[in-house]
Structure formats: C-alpha cells, structure tokens
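Since every read-out is calculated from the coordinates, none of them should be taken as a lab result. These numbers come from a predicted model, not from an experiment. Here the Cβ positions follow ideal geometry from the backbone for every residue, glycine too, while neighbour counts run over all protein chains shown.
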Amino acid sequence: MANRKTYAELRSEAEARYPSGQTPGGVTVDDIVQLKLQNTFDTHLDIARAMAKVMREDMAAYDADPTLSTQSLGCWSGFHAQQMIKSVKRLRGTTKRAYVYLSGWMVAGLRNRWGHLPDQSMHEKTAVADLIQEIYTSLRQADEVAMNDLFKDLKAARKAGDSAAERAAIEAIDNFETHVVPIIADIDAGFGNEHATYLLAKELIKAGACCLQIENQVSDAKQCGHQDGKVTVPREDFIEKLRACRLAFEELGVDEGVIVARTDSLGAGLTQKVPVSQHPGDLAAEYIKWLKTEAITDANPMKDGELALYRDGQFVRPARLPNGLFPFQEGSGRQRVIEDCIASLTQGGADLLWIETDTPNVDEIAGMVNEIKREVPNAKLTYNNSPSFNWTLNLRKQVRDQWIKEGKIAETDYPAGNELMKADYDETDLGREADDRLRRFQHDISTKAGVFHNLITLPTFHLTAKSVDELSHGYFGEDKMLAYVATVQRQEIRRGISAVKHQHEVGSDLGDTFKEMVAGERALKAGGHANTMNQFAAE
C-alpha cells in the first residue's frame, strides 16, 4: 500500500522502543516488523476506504485513456478470489485494474442456508456481507503468506552473510503489492425499502466493499437479469435507494465509495407502481409516458375499480394484468434504459452504470451509451459479459449477418440457426473471425461504448462444474489416479500454481514462523524434513 511504512522505518521505530533489539519478554525487533508488515490493513473498513481510492484513480485513468479498462471475475468463495488474484499477479506482475465481482446470483445459488435458490433475493442478507468478509480474509492471508516468504529470504541472506541478497530481500519487502483489490458487491435491489437498503449497505461496506451495485427492480419481485417477469420501480424510488447507499458510504467515512446503478429496463416490461406526477416532464411523467394504454370510448367505457390517466388532453386506461402489474409499451425498453441512466447519474449521484442486455452486441450498447453521453459526457459503464449469453452462437451469427450484408458470402454459405454452434465451423473463416471478435470484445466495448469495467458474473460456478466433471469422468472411469495427476497436479506444477503446495498455501509456514518467534529452538514445526510438501520444493 502507498502509505505503508518501509522496513527501515518500522525497524527504526521498534529499535527506538527496544534498543537491545528485543522486548523484555524476548520478542525480537525483526519479528515485530514482520508482523506489522504482514498486517496490510487494520480493519476491513480501512480496506473499503483504500479500495475506493483505487477505483477512483482507475476511473480517472480510464477517462484519460479508454484502453485502460478494468476487469473482474465473479467469485463465490474467498479461495476462488485468492487464486484469481494470485494468477493475475503471476501473469502481469501486478494486480492493477483487476477486481473481484461478488455476484448475488452465486450467493443465492451457492452461499445460503436454505440450499440452492434462484436469483430472486430470497437468500439471507447477511450472506452477502459474510462473503465479502471471507474474500478479504483470504486475500489478506495471501499477503501474509507471501510476506512471510520474503522474510524467510531476508533471514537466509543474513545467515549466509550475503549483503546483496539482504538488500534485495528488503527491497522486495518494501515494494510488495497487496493481493487486496476492490470488490464490486451486488446488493440486488436493496432487500427492501430505502432504509433497509441503507442498513444492508452499511454492513457490506464494513465488510470491505468499496463499490455497491444496485438494480432498479422491485425488491419483492426481483428476478435474475436474464429471466422473464422483471418489474422495475419508478425512477424516484430508485434514486432514493442510490441516496441511501451514498449516505451509508458517507457515514462510515468511505468518502470515495463507488455506486453502480443498474437498469434492467431493456428486458423488463412491467411496473408495479404508477408514480404521481407533479408537473409535465418530471421523473414520474417521464416514467408514466411509456405505460401501455388504451382509449376510453363509448364502446370501451371505464368500469368500477379501473384506473385512468390523463394524457394529451384526454383520459386513457393503462393496461393492467390480473396480478395488478402494469405493462409498458412494446419496444420502449431501449429509451427507458437511456432515461434511467441519465436520471441515475444526474439526480441519483451514481458513479457508474450497468445496462443489462440480452445479447453481447458492441454496436447496440454503444448506440445507447452515445445517447446517454449527450446528457452526461463522462458516463461510464460496468458491463456483464454474462455466461447467460451463448457467446459462440451470438458472435458467429453477427459475423454471418454482417458478411451477408456486405456481400462477402451468400446466405447459403453458413447455416442461420443453432447449427452454427457445431465444432465443424471452428476452423472456418467465420469461426475464426468470431473468435477474433471474442478476443477483442472487451477492448472494443471499452473504447467504443464507454465500458470502464468488464466482468463475468458466474465464471467460477461454471468452471467448478466443468473441472469437477472432468476429474470425475477420469477418476471414476478408466484413468483413476492418472486423471488427477494429468488434469490437476501436473498442470499445477507446470503452470507455477502455488496451491500445489497446499499446506503452504493455507498458512502452514506462517504457523511455523510464529512458533519460532515465541519459542525459538523449542518450536514444534510442521515444515520439517518429513513434510511431504518438500517434494515440490524444486518447483
């Protein structure tokens, strides 16, 4: 962390207190320094404050250069998040612009006491805060394990009398980059009214969340963004929840906290409530104008219990379903999305937008964003690169349609339907072009459509299912132990995945180090010659 004291500064402070080099109880100065440096954050609220600053800096960098977008994967356990960030750090040498996404879908489906549930806000509110807490505990432990390894290098250099290696170890300690990164936390539709939203937001922030994502659906009728039956709330209701989130950040001193305002209006054709308009053109009027209505005539008169709206100088009857919900006009979703986004930014104080779409199409998203930017030039998005999309089929269809329109191919050259999914088309010109567009998708959507953050909501859900299926097929089939060795352990070793030494990964060496700090030569350590992890020492 930027404000973290150096090894030399902390050692100097400790020696000023203990000139003999150790406490009256025999604890050495270096042990004190190590534990202070291993503790990269005092509290999870400190994490929220620090990570909010990281996000703000990243947003400013993106405004200056739209190629500097950010990414995350959705994680449903602390271990998933830890391994993702360790992988990013091993690949890039830094965690910059890598975040963790906390998916409400995966909390509902995998992290609640009542078993697997659909994404309808039926899981316990506390499950979301608990997962944030768990993720940051895992990321902080990765810091502790890594810092302990650096101090082992320092001790070894001193023992060997190698001053160059000692300087290198101290430099590595001072330049250590934390595994802690921002979390974008899904608070669903707020789990109740604006006060309930505020109370839950505080718990998520205290657990470490610097960024809250909230959607404009009705809390008690909430649906997954890629399902039917979605019901939106009037814009003034949603703005009140955005304000509730902001007040939670402000109260807890996370002054730079980030709010993502999500609109599901593109796929939501219903509303539960007709808001009261005070004057033409206000938020309520702009919401009501999209309701589906029918004329009131002598042949189609009003009946007892029905509602009427006064519009354009006459009364009309809003359509109403048997369950009391009001449908919007067909085809109005796109314009409602644009109006939602402008209101969330200009009146709700949101920092980022999220437009839930039904297909991944750069041009369609860019078209909506460009209209939003006419009102709010620096509008930025978080975009769900959703596993609910059939990416292969969607991109191949887009290429096929474009090439037919441009006259590059005939309609008969490639099939129009689901047959395009077949492996037969993987190595065709169309298949390769679709894959190239997949490779460029996040770059294109960031530079052309204002997407600051690209995420995949449910990757670890699908990855876990696939990986366990792959191992199970081999292990319970003909390959037996070869299945585990070939598909797991051998790959861990060759890819440099630290979890291959699983005892070390979960802190066994940390325990040994602490025992040495307090017991010296009497320490009963787990990392001796009989520890089987030594088989991986050369890897």
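General observations
- A cut-off of 5 Å between modelled amide H atoms, ignoring neighbours fewer than 5 places along the same chain, links residue 103 with 75.
- Average Cα contact separation per residue, the chain, under 8 Å, 6 or more apart, as relative contact order %: 15
- Between 0 and 90°, nearest 10: helix 391-405 axis offset from the chain longest Cα axis: 50
- Less than 5 angstrom separates the built amide H of residue 70 from those of 453, 454, all sequence-distant by 5 or more or on a different chain.
- Estimated D of segment 467-521 in µm² per second, where Rh is the Kirkwood radius over Cα pairs and Stokes-Einstein applies at 25 °C, 0.890 mPa s: 185
- Each principal axis of the Cα cloud of the chain was evaluated for its coordinate range; sorted largest first, these ranges are 99, 58, 46 Å.
- Loop-resident GluC sites (Glu not before Pro) (DSSP state other than H, G, I, E or B) in segment 298-406 with no more than 14 further Cβ atoms inside 10 Å of their Cβ: 306, 330, 406.
- Computed packing ranks the peptides 80-86, 323-329, 502-508 as 80-86, 502-508, 323-329, most packed first, by mean other Cβ atoms within 10 Å.
- A full extension of the chain between residue 311 and residue 493 corresponds to an added length of 58.6 nm, given 0.36 nm per residue minus the alpha carbon distance.
- By DSSP, the beta bridges lying fully in the chain are antiparallel in about 25 percent of cases.
- Hz values of 3J(HN,Hα) by residue in segment 130-141 - Karplus curve (6.51, -1.76, 1.60), Gly and Pro given as x: 4, 5, 4, 4, 5, 4, 6, 4, 5, 5, 5, 5
- Per-residue packing, averaged as other Cβ atoms within 10 Å, sorts the ranges 148-160, 180-192 into the order 180-192, 148-160, beginning with the highest.
- Ranked by the mean number of other Cβ atoms within 10 Å of their residues, highest first, the peptides 247-254, 27-34 fall in the order 27-34, 247-254.
- Each of 290, 114, 76 has some number of other Cβ atoms within 10 Å of its Cβ, and from fewest to most they run 114, 290, 76.
- Straight-line cross-link reach from residue 159 at under 24 Å between alpha-carbon atoms covers these lysines, not counting any fewer than eight positions away in the same chain: 36, 515, 525.
- Each residue in 346, 95, 197 was given a count of other beta-carbon atoms within 10 angstrom of its own, and listing them fewest first yields 346, 95, 197.
- Summarising the amide proton neighbourhood of residue 211: residues at separation of 5 or more, or on other chains, whose placed amide H is nearer than 5 Å comprise 183, 185, 258.
- FRET E, pair residue 468, residue 296, Förster distance 56 Å, beta-carbon r, rounded to 0.05: 0.40
- Taking N as its residue count, the alpha carbon Rg of segment 53-162 over 2.2 N^0.38 Å: 1.40
- From phi via Karplus (6.51, -1.76, 1.60), per-residue ³J(HN,Hα) for segment 421-427 in Hz, x at Gly/Pro: 5, 4, 5, 4, 9, 4, 9
- Expected 222 nm ellipticity per residue - DSSP helices of 4 or more, -39500 (n - 2.57), all of the chain, to 500: -15000 deg cm²/dmol
- Karplus 3J(HN,Hα) series, Hz, for segment 3-19 with 6.51 cos²θ - 1.76 cosθ + 1.60 (x for Gly, Pro): 8, 6, 6, 7, 4, 5, 5, 5, 5, 5, 4, 5, 5, 5, 7, 10, x
- Principal-axis tilt of helix 333-346 within the chain, Cα atoms, nearest 10 degrees: 60
- At R0 = 45 Å, FRET efficiency that the Cβ-Cβ distance of residue 479 and residue 127 yields, to 0.05: 0.75
- Ranking of 101, 484, 287, 310 by count of other Cβ atoms within 10 Å, fewest first: 310, 484, 287, 101
- When each of 202/273; 86/155; 373/408; 241/303 is checked by Cα-Cα distance, pairs over 30 Å: 373/408; 241/303
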